[in-house]
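Q: Questions regarding the structure given below will be posed in turn.
The values are calculated or read from the model by the stated rules, or taken from the named source; none is laboratory data. Predicted model, so just to flag it, every value in this text is computed and none were measured. All Cβ positions, glycine included, derive from the backbone under ideal geometry; neighbour counts span all protein chains shown. Protein only, heavy atoms only, side chains kept; ligands, DNA and RNA dropped before computing areas. Shrake-Rupley method; radii C 1.70, N 1.55, O 1.52, S 1.80 Å.
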Amino acid sequence: MTGKERWGSNLGFVLAAAGSAVGLGNLWGFAYRASQGGGGAFVLLYIAIVLLVCLPLLVAEMVLGRNTGNSPLIAPRRAGGKAWAPLGWLFLLVSVGILSYYIVLMGYAGTTLLKSVLGNLPLDKTEASNYFSSISTGEVSLRGQMFSLAITGGVVAAGIRGGIERLTKWGMPLLFLMLICLALWASFQPNAHEGYAFLFGWDASKLTDPETISNAFKQAFFSIGTGIGAILAYSVYLDSRSAIPEEAVAVVTLDTAVGLIAGCVTFPLVAILGLGDLVGEGSIGTLFSTLPHGLAGPSMNLTGWLVSVLFFALIYIAAITSAISLLEVPVSSLMDQIGLSRSKAVWISIVITALLGLPSAIDVNFLAQADSIMNALLITSGLLLAILMGWSVPSRFKNELEDSKTSKLKINGLLWTLRWISTPIITIGLTVVLEETFRNWQF
Ligand code: PFF
């Protein structure tokens with residue numbers, strides 16, 4: 001498609017792909033799902049799924065992008081023939097669907113960042129719940145949504161090198177630095193160990209608990225962000241000699257490390273601030289209401305102010321580097337399918353995303369339902385991608401990796417894992433997730 005665009009360097013690609021992976025999923029999603037229970041069993045399942053399923057799938061997605069040179073909408077059809085065209089549409093549907101509410105969550109983070117800077121955070125439990133209602137509905141929520149969408153659109157419109165790579169090159173190192181400072185600070189606080197105990201507490205029976213399994217699957221897929229076409233869209237601009245498996249390992253390692261370190265910030269914070277009773281139910285708003293009021297409390301003073309500003313700035317940077325990758329899916333598809341310019345494609349995509357996001361912007365319950373449906377669809381498209389690359393056109397997988405000088409042993413190992421480990425595990429996971437989604441569906 002757009003033959004002229006290329007990443008400035010391999011590091012540029014890795015940081016952009018890690019930027020896509022590291023996002024609200026690591027900070028908000030991890031805290032939200034881990035707090036629903038499961039402890040160490042949830043963490044262990046999440047890591048196992050990342051390694052056995054998401055890593056080989058990420059390699060397959062990158063291979064599909066670089067090999068076809070097409071956008072997510074067209075790449076499956078180009079690789080597997082007409083029968084695979086619906087997968088392209090599924091990529092498009094899921095990425096725009098996720099982006100529509102992701103932008104709203106990003107708006108909550110932006111509003112909370114602004115309130116942190118101004119020192120306007122809620123001071124007690126009642127204020128905290130009123131605070132969350134005030135930022136998650138009405139004008140405040142809509143303003144946050146529009147602002148976040150505008151800057152996401154601005155970065156994508158500036159192009160791969162001039163927008164996406166430029167932002168992620170400074171944003172990601174800054175994010176790592178801020179996160180490590182926060183984790184270190186948290187580790188020196190007196191009650192931090194209670195937070196670690198909640199997050200890593202071991203109960204073997206949870207390994208077979210459907211809710212824990214379903215949460216671990218959703219968390220792994222959402223966090224790595226594979227099976228949706230975002231990394232595929234980025235891989236189109238990859239150099240033909242770059243080592244895809246090594247780059248995939250770097251992205252997965254960075255993402256998982258950030259997820260775990262973020263957990264080592266949020267859970268100790270909850271314990272330090274004595275907010276355990278508020279977090280048990282693990283609702284969407286936990287991160288945006290419970291933590292701010294704890295940090296604004298009288299015992300925290302300047303430290304609380306600094307931690308809340310750093311924490312919500314970190315969340316906002318993480319969110320924007322993910323939102324741009326989601327937006328790149330419809331943008332590159334419109335450019336590829338109907339030859340639109342990048343800026344026109346951005347305009348059309350953000351208008352559609354804004355409209356689709358309106359129900360989530362005015363009703364947080366709708367947002368929660370959208371999240372659970374989109375997560376199930378994300379895993380579905382991941383399964384189809386594994387079947388396409390592992391079973392339908394394995395020769396493309398092999399040839400593309402051979403051309404960039406990956407060793408035969410690695411290629412065969414990856415392909416074998418994709419076919420015989422990842423595919424059956426995703427099938428089981430998807431069944432559990434669908435069953436959970438229908439059971440919890442609120443009509
Ligand atoms: N991985 C991102 C996060 O953890 O917030 C969300 C995401 C980005 C999901 C890109 C899917 C995707 F394609």
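Q: Taking the condition crowded, with 18+ Cβ neighbours inside 10 Å, under 15 Å from Leu99 (Cα atoms) and of a type outside the set (A, V, I, L, M, F, W, C), does Ser360 pass?
A: yes
Q: Looking only at the range 30-48, filter to residues that are away from the ligand (no atom under 14 Å from the Cβ) and aliphatic (A, V, I, L, M); which one of those is most open to solvent (accessible area, probe 1.4 Å)?
A: Result: Leu44.
Q: Here's a follow-up. Within the range 198-236, track down each residue that is hydroxyl-bearing (Ser, Thr, Tyr) and within 16 Å of the ligand (Cβ to nearest atom).
A: Of everything in the range 198-236, those that are hydroxyl-bearing (Ser, Thr, Tyr) and within 16 Å of the ligand (Cβ to nearest atom) turn out to be Ser223, Thr226, Tyr234, Ser235.
Q: Which residues, taken from the range 263-283, are within 30 Å of Leu58 (Cα to Cα) and modelled with pLDDT under 75?
A: Residues satisfying the conditions are Gly282, Ser283.
Q: Scan (1) surrounded by fewer than 24 Cβ atoms within 10 Å (Cβ to Cβ); (2) within 16 Å of the ligand (Cβ to nearest atom); (3) among the β-branched types (Val, Ile, Thr) for the single condition Ile348 breaks and write down its number.
A: (2)
The rows are residues; the columns are (1) among the small types (Gly, Ala, Ser); (2) at pLDDT 95 or above; (3) in contact with a Gly (Cβ under 9 Å, 6 or more places away or on another chain); (4) part of a helix (DSSP H, G or I).
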| position | (1), (2), (3), (4) |
| --- | --- |
| Gly19 | yes, yes, yes, yes |
| Asn26 | no, no, yes, yes |
| Gly29 | yes, no, yes, yes |
| Tyr32 | no, no, yes, yes |
| Gln36 | no, no, yes, no |
| Gly40 | yes, no, yes, yes |
| Val43 | no, no, yes, yes |
| Val53 | no, yes, yes, yes |
| Pro56 | no, yes, yes, yes |
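Q: Identify, from the list Leu27, Leu57, Leu51, the residue that is of a type outside the set (S, T, N, Q) and open to solvent by 10 Å² or more (accessible area, probe 1.4 Å).
A: Unique residue meeting the criteria: Leu51.
Q: Could you say whether any residue in the range 324-332 is within 16 Å of the ligand (Cβ to nearest atom), among the acidic types (Asp, Glu), buried (at least 20 other Cβ atoms within 10 Å of the Cβ) and not in a loop (DSSP other than H, G, I, E, B)?
A: yes
Q: Determine the pairs where a residue that is more than 15 Å from Ser325 (Cβ to Cβ) and in contact (Cβ under 8 Å) with a residue 12 or more places away in the chain, located within the range 217-228, has a partner that is aromatic (Phe, Trp, Tyr) and more than 8 Å from the ligand (Cβ to nearest atom) with Cβ atoms under 7 Å apart, the partner being 6 or more residues away or on another chain.
A: Taking only residues 6 or more apart or on different chains, the pairs are Gln219/Phe30; Gln219/Tyr46; Ala220/Tyr46.
Q: Something else about it: Output the residues belonging to the range 74-107 that are in contact (Cβ under 8 Å) with a residue 12 or more places away in the chain, over 26 Å from Ser372 (Cα atoms) and in a helix (DSSP H, G or I).
A: Matches in the range 74-107: Ala75, Ala79, Gly80.
Q: Taking Val63 and the conditions (1) within 16 Å of the ligand (Cβ to nearest atom); (2) of a type in the set (Val, Ile, Thr); (3) closer than 23 Å to Val156 by Cα; (4) crowded, with 24+ Cβ neighbours inside 10 Å, which numbered condition does it fall short on, given that it satisfies the others?
A: (1)
Q: For Ser71, are the conditions met, namely being touching a residue at least 12 places away in the same chain (Cβ under 8 Å), within 18 Å of Gly382 (Cα to Cα), of a type in the set (S, T, N, Q) and part of a helix (DSSP H, G or I)?
A: no
Q: Given the structure, is Leu123 hydrophobic (A, V, I, L, M, F, W, C), away from the ligand (no atom under 13 Å from the Cβ) and more than 23 Å from the chain's Cα centre (by Cα)?
A: yes
Q: Mind checking which residues of the range 221-262 are crowded, with 24+ Cβ neighbours inside 10 Å and farther than 17 Å from Glu61 by Cβ?
A: Hits for the range 221-262 are Val258, Gly259, Ala262.
Q: Moving on. Whether any residue in the range 6-23 is more than 16 Å from the ligand (Cβ to nearest atom) and hydroxyl-bearing (Ser, Thr, Tyr) is what I want to check.
A: Looking through the range 6-23, at least one residue is more than 16 Å from the ligand (Cβ to nearest atom) and hydroxyl-bearing (Ser, Thr, Tyr).
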